[in-house]
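The values are calculated or read from the model by the stated rules, or taken from the named source; none is laboratory data. Just so you know, these numbers come straight off a predicted model, no measurement behind them. No Cβ is skipped: glycine too gets one built from the backbone with ideal geometry, and neighbour counts run over all protein chains shown. Heads up: the accessible areas ignore ligands, DNA and RNA and are worked out on the full protein's heavy atoms, side chains in. Shrake-Rupley method; radii C 1.70, N 1.55, O 1.52, S 1.80 Å.
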2 protein chains.
Amino acid sequence: MARWEPNAPERLAHAALDLFAERGYENTTVIDIAQRAGLGKTTFFRHFQDKREVLFGRGMMDELLAEAIAAAPATAGPFEAIAHALDAAGGAVFTPARREFIARRQTVIAANPELQEREALKNLALIASMADALRQRGVPDLTARVAAELGALASTIAFERWSRTTADDDFSKLARQALDDVQASTALC
Amino acid sequence: MARWEPNAPERLAHAALDLFAERGYENTTVIDIAQRAGLGKTTFFRHFQDKREVLFGRGMMDELLAEAIAAAPATAGPFEAIAHALDAAGGAVFTPARREFIARRQTVIAANPELQEREALKNLALIASMADALRQRGVPDLTARVAAELGALASTIAFERWSRTTADDDFSKLARQALDDVQASTALC
């Protein structure tokens, strides 16, 4: 078997999702996942630290969002910088081609408390990463934390709408709408 | 041993905290915790579903916050209702008498990814519970979610300040200040 495995993380994630759906998360081992993907256990652990991690893609999302916030125009306020980050997520992660995979992934996570816990922690890391990127733009600490928290909520709402819609709405458009809705709601609190 | 054990959950939490600090979370079993508390394993599982859970007190916080939101004056807006909830938390949970226990608990959680994950999930449950209590007061869905999210952030900020302060500031006062600060920050996003 070649040492370099094209798309190994994606293949492992798809294999894991199939197996979790077929026989349950508890009844699936790392070896099962690697085998189903046509890969070895060593390759699995080169990409993921444990079984839970296979559905959470190595923290690439943190970097994606932080880089997009850093790259936003200097004139952009915190929410506008976050809109750029959610654009980037829409372009790389929440794409039409990945919609079915993501929907199945959410179903598996929702059925498993261990995966829900890991997702909750990952979500905190995303918020921290966005807040940090905003602070590096000179946004004051508390404003950065508030904007990152509300940005994450807008992203969740956009994701819910994107999952439900049958139309060909792209995620970026829904994310901007959700950010506007969230911002309008803050005035009513 | 009597079947009725006064303060069993508290005794178990204190015993667990001592043991986690002494020998590490991984090297402590449920039986160790029960023994240290002078209780049996059966009593442990009557109160907590697993070892992780012992530091998280059976979801009482969810009810405490939800009941305080429900009991807030009819004229109170979402943030004001949340201020009542944080008052209740200050009166029952973040008390001067519990300050040292809570600080030690945070140190143990921060050192252990499994406990961090459980805490992250508990935090989501608290936010969901507050949002639900607000909806039951007639607050529109999105506003309820935004207010609950910002209320949780204000609570975290108040907790950070409460943990750091050497003065005799009570949590409720810090929570109202944090809610005001968070609200002011939303205008800058």
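From B:ALA158, B:ALA81, which residue is in contact with a Lys or Arg (Cβ under 8 Å, 6 or more places away or on another chain), buried (at least 22 other Cβ atoms within 10 Å of the Cβ), in a helix (DSSP H, G or I) and not assigned by TED's automatic domain parsing to the domain that holds B:GLU22?
Working: B:ALA158 fails: in contact with a Lys or Arg (Cβ under 8 Å, 6 or more places away or on another chain).
Checking each option against the conditions leaves just B:ALA81.
Could you tell me whether A:ALA175 is part of a helix (DSSP H, G or I), more than 14 Å from every other protein chain (Cβ to nearest Cβ) and open to solvent by 20 Å² or more (accessible area, probe 1.4 Å)? Quick ask: steps written out before the conclusion?
Details: part of a helix (DSSP H, G or I): yes; more than 14 Å from every other protein chain (Cβ to nearest Cβ): yes; open to solvent by 20 Å² or more (accessible area, probe 1.4 Å): no.
No; evaluated as a whole, the condition is false for this residue.
State whether one or more residues within region B:93-100 are within 16 Å of B:LEU126 (Cβ to Cβ) and touching a helix residue (DSSP H, G or I) at 6+ places or on another chain (Cβ under 7 Å). Even if it seems obvious, please write down each step before you answer.
First pass over region B:93-100, keeping only residues within 16 Å of B:LEU126 (Cβ to Cβ): B:93-94.
Restricting the remaining residues to those that are touching a helix residue (DSSP H, G or I) at 6+ places or on another chain (Cβ under 7 Å) gives B:93-94.
Looking for residues that are within 16 Å of B:LEU126 (Cβ to Cβ) and touching a helix residue (DSSP H, G or I) at 6+ places or on another chain (Cβ under 7 Å), one finds at least one in region B:93-100, hence yes.
Does at least one position in region B:113-120 carry a residue that is outside any helix (DSSP H, G or I), within 12 Å of chain A (Cβ to nearest Cβ) and not polar (S, T, N, Q)?
Within region B:113-120, the subset outside any helix (DSSP H, G or I) is none.
No, region B:113-120 contains no residue that is outside any helix (DSSP H, G or I), within 12 Å of chain A (Cβ to nearest Cβ) and not polar (S, T, N, Q).
Please determine, by comparing only the residues of region A:121-130 that are closer than 19 Å to A:ILE157 by Cβ and without any contact (Cβ under 8 Å) to a residue 60 or more places away in the chain, which one is nearest to the other protein chains (Cβ to nearest Cβ). Show your work before the answer.
Within region A:121-130, the first condition is being closer than 19 Å to A:ILE157 by Cβ, and the residues that meet it are A:122-124, A:126-127, A:130.
Still in the list and also without any contact (Cβ under 8 Å) to a residue 60 or more places away in the chain: A:123-124, A:127.
Working: A:ASN123: 7, A:LEU124: 5, A:ILE127: 9 Å.
So, considering only residues that are closer than 19 Å to A:ILE157 by Cβ and without any contact (Cβ under 8 Å) to a residue 60 or more places away in the chain, the one nearest to the other protein chains (Cβ to nearest Cβ) is A:LEU124.
Being exposed (fewer than 15 other Cβ atoms within 10 Å of the Cβ) and either touching a residue at least 24 places away in the same chain (Cβ under 8 Å) or in the same structural domain as B:ALA13 (by TED's automatic domain parsing) (or both) is true for just one of B:THR186, B:THR107, B:THR165. Which residue is that?
Checking each option against the conditions leaves just B:THR107.
Being open to solvent by less than 10 Å² (accessible area, probe 1.4 Å) and under 15 Å from the mean Cα position of the chain (by Cα) is the filter here; which residues of region B:118-151 pass it?
Answer for region B:118-151, where residues must be open to solvent by less than 10 Å² (accessible area, probe 1.4 Å) and under 15 Å from the mean Cα position of the chain (by Cα): B:ALA120, B:MET130, B:ALA148, B:GLY151.
Filter region B:77-92 down to residues that are under 19 Å from B:THR143 (Cα atoms) and either touching a residue at least 24 places away in the same chain (Cβ under 8 Å) or among the β-branched types (Val, Ile, Thr) (or both), then give me how many there are.
Result for region B:77-92: 7.
Given the condition of a type in the set (Val, Ile, Thr) and farther than 30 Å from B:GLU22 by Cβ, answer yes or no: does some residue in region B:109-119 qualify?
Within region B:109-119 (the criterion being of a type in the set (Val, Ile, Thr) and farther than 30 Å from B:GLU22 by Cβ), the answer is no, since none of the residues qualifies.
Restricting attention to region A:9-63, report how many residues are in a helix (DSSP H, G or I), open to solvent by 20 Å² or more (accessible area, probe 1.4 Å) and aromatic (Phe, Trp, Tyr).
Residues in region A:9-63 being in a helix (DSSP H, G or I), open to solvent by 20 Å² or more (accessible area, probe 1.4 Å) and aromatic (Phe, Trp, Tyr): 1 in total.
Consider A:GLY57 carefully, then state whether it is at positive phi and away from chain B (no Cβ under 14 Å).
yes
Among the candidates A:ILE69, A:ILE109, A:ILE157, A:ILE82, which residue alone is touching a His at 6+ places or on another chain (Cβ under 7 Å) and within 14 Å of another protein chain (Cβ to nearest Cβ)?
On the way: A:ILE109 fails: touching a His at 6+ places or on another chain (Cβ under 7 Å); A:ILE157 fails: touching a His at 6+ places or on another chain (Cβ under 7 Å); A:ILE82 fails: touching a His at 6+ places or on another chain (Cβ under 7 Å).
Result of the check over A:ILE69, A:ILE109, A:ILE157, A:ILE82: A:ILE69.
Which pairs turn up if I take residues in region A:28-46 that are closer than 15 Å to A:GLU10 by Cα and not assigned by TED's automatic domain parsing to the domain that holds A:LEU115 and look for partners that are among the aromatic types (Phe, Trp, Tyr) and crowded, with 16+ Cβ neighbours inside 10 Å with beta carbon separation below 6 Å, at least 6 apart in sequence or on another chain?
A:VAL30/A:PHE44; A:ALA34/A:PHE44
For region A:125-143, indicate whether the set of residues that are of a type outside the set (A, V, I, L, M), under 17 Å from B:ALA120 (Cβ atoms), touching a helix residue (DSSP H, G or I) at 6+ places or on another chain (Cβ under 6 Å) and assigned by TED's automatic domain parsing to the domain that holds A:GLN177 is non-empty. Spell out the reasoning first.
Narrowing region A:125-143 to residues of a type outside the set (A, V, I, L, M): A:129, A:132, A:135-138, A:140-141, A:143.
Pick out the ones that are also under 17 Å from B:ALA120 (Cβ atoms) and you get A:129.
Subsequent filtering for residues that are touching a helix residue (DSSP H, G or I) at 6+ places or on another chain (Cβ under 6 Å) retains A:129.
In the following step, the residues that additionally are assigned by TED's automatic domain parsing to the domain that holds A:GLN177 were identified as A:129.
Yes, the conditions are met somewhere in region A:125-143.
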